[in-house]
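Comments concern the structure below.
The values are calculated or read from the model by the stated rules, or taken from the named source; none is laboratory data. Since this is a predicted model, take the numbers as computed values, not measurements. Here the Cβ positions follow ideal geometry from the backbone for every residue, glycine too, while neighbour counts run over all protein chains shown. Only protein heavy atoms, including side chains, enter the accessible area calculation; ligands, DNA and RNA are left aside. Shrake-Rupley method; radii C 1.70, N 1.55, O 1.52, S 1.80 Å.
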Amino acid sequence: MEKQKRALCDLRDGESGRVVSIGECGGLGQRLIELGFVSGARVNRLFSAPSGDPAAYLIRDAVIALRASDAEGITVMNYEFFR
């Protein structure tokens, strides 16, 4: 199976990934890093709002809600490749 990189917002509810990089996130880039979105950090998509946006993510024992427009700037790799 090939390693798959994708945007954080493309994870489905219940899926996990490892942060690869943070690209364009508007003015949130530095704040996301401060919240724990750093290279190698495991992130789980817990659930999303009934409309699908925003979604709640678990990272470093904190639950963070992000809009899809902000989460699309974060690149993750499927978690199963790190087991």
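Looking at R18, R45, R12 in this structure, which one is under 12 Å from the mean Cα position of the chain (by Cα), more than 11 Å from T75 (Cβ to Cβ) and in a strand (DSSP E or B)? Can you show your working first?
Working: R18 fails: more than 11 Å from T75 (Cβ to Cβ); R12 fails: in a strand (DSSP E or B).
Answer to the selection: R45.
Within the set of pairs 6 or more residues apart or between chains, which connect a residue that is at negative phi and among the β-branched types (V, I, T) inside region 59-79 to a residue that is open to solvent by 40 Å² or more (accessible area, probe 1.4 Å) and in a loop (DSSP other than H, G, I, E, B) with Cβ atoms less than 7 Å apart?
Partner pairs satisfying both residue conditions: T75/G23.
Could you give every pair whose Cβ atoms fall below 8 Å, whose first residue belongs to region 1-17 and is over 20 Å from D70 (Cβ atoms), and whose second residue is at pLDDT 90 or above and open to solvent by less than 30 Å² (accessible area, probe 1.4 Å), counting only separations of at least 6 or pairs across chains?
K3/M77; Q4/M77; G14/R45
Filter region 24-42 for residues that are touching a residue at least 24 places away in the same chain (Cβ under 8 Å) and part of a loop (DSSP other than H, G, I, E, B); which is most open to solvent (accessible area, probe 1.4 Å)? Steps first, answer last, please.
Our first condition is that a residue be touching a residue at least 24 places away in the same chain (Cβ under 8 Å); within region 24-42, this holds for 24-26, 28-29, 32, 35-37, 42.
Then drop every residue that is not part of a loop (DSSP other than H, G, I, E, B), which leaves 24, 26, 28, 36-37.
Numbers: E24: 160, G26: 69, L28: 56, G36: 6, F37: 2 Å².
It comes out as E24.
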